[in-house]
Ligand SMILES: C[S@@+](CC[C@H](N)C(=O)[O-])C[C@H]1O[C@@H](n2cnc3c(N)ncnc32)[C@H](O)[C@@H]1O
């Protein structure tokens, strides 16, 4: 499908968010090209509208002071993908309610938690007060980070921002810019191979429905065809090229396995699918030098 062409259908294969859909007037699904401005506008509106429901559903998964990388329940406390964080200034990109940044603070790090959504950041502030672990919060989009060059020792993102931006290479470049030499940037996204399957945790989510090579974004749209939710696909190779083009070094791609006995269903992530193929890719990179 070419840019500008729009195929709107009434079906809604992605999981929940029903009240956000009603608030935003979501009328169907579309597949078409979508640039940075429309993607960011849609993401901000979506996460503002969905913040309460998202946290009501997932607070038990992500915790208040905990760093969970993915629905496979991989924790930074076990994986240590960021290395030693004590004393380090850490940027969290797409922090949501910021449980990861609060966990980092308890480990002696100096986190700054950034998100596009004011509603998510309000939850972050309230959770900071409730837990007694407040962290600095910044409202901004990941494609234009409001920080000086080389002002962070580490950067991280657990499903924040990267799957939702039209220009992920720009995010890599921005993170590389604000990192100090030798600083790590570790980010988790939907595993690219998930794109070929419908977003369904059950047996219907086991049958290939579209091409891995089709980068046409997934959109939900209102009656006028304006995006109310956006997801962008990149292949593994695309992600590697974005990282390398930003001058970063790729150290590892972690594909967390579904743990034995972990029965939690989280949107399209389920034990059924998790036992068969990966749901998350965590890219471990660093800025050279130092
Ligand atoms: C799935 S949540 C993940 C957040 C957190 N790790 C959690 O588990 O709750 C995605 C977050 O990314 C944020 N986000 C989406 N697009 C963004 C962008 N372009 N810039 C910054 N944040 C963005 C959303 O507002 C949302 O809080």
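Do you know which residues across segment 67-90 are within 10 Å of the ligand (Cβ to nearest atom) and assigned to a loop (DSSP other than H, G, I, E, B)?
Passing the criteria: 67, 69, 70, 71.
Looking at residue 199, is it out of contact with any strand residue (DSSP E or B) (no Cβ under 6 Å at 6 or more places or on another chain), part of a loop (DSSP other than H, G, I, E, B), surrounded by fewer than 22 Cβ atoms within 10 Å (Cβ to Cβ) and modelled with pLDDT under 95?
Considered against the rule, which asks whether it is out of contact with any strand residue (DSSP E or B) (no Cβ under 6 Å at 6 or more places or on another chain), part of a loop (DSSP other than H, G, I, E, B), surrounded by fewer than 22 Cβ atoms within 10 Å (Cβ to Cβ) and modelled with pLDDT under 95, residue 199 comes out as yes.
For residue 64, state whether it is out of contact with any strand residue (DSSP E or B) (no Cβ under 8 Å at 6 or more places or on another chain), in a loop (DSSP other than H, G, I, E, B), at pLDDT 95 or above and farther than 18 Å from residue 254 by Cα.
The answer is yes for residue 64.
Would you kindly identify the strands (runs of 3 or more DSSP E) lying entirely within segment 91-178 that contain at least 1 residues that are within 11 Å of the ligand (Cβ to nearest atom) and surrounded by 21 or more Cβ atoms within 10 Å (Cβ to Cβ)?
Those strands (runs of 3 or more DSSP E) span 110-115, 152-158.
The values are calculated or read from the model by the stated rules, or taken from the named source; none is laboratory data. This is a predicted model, so every value here is computed, not measured. Cβ: placed from backbone, ideal geometry, glycine included. Neighbour counts: every protein chain shown.
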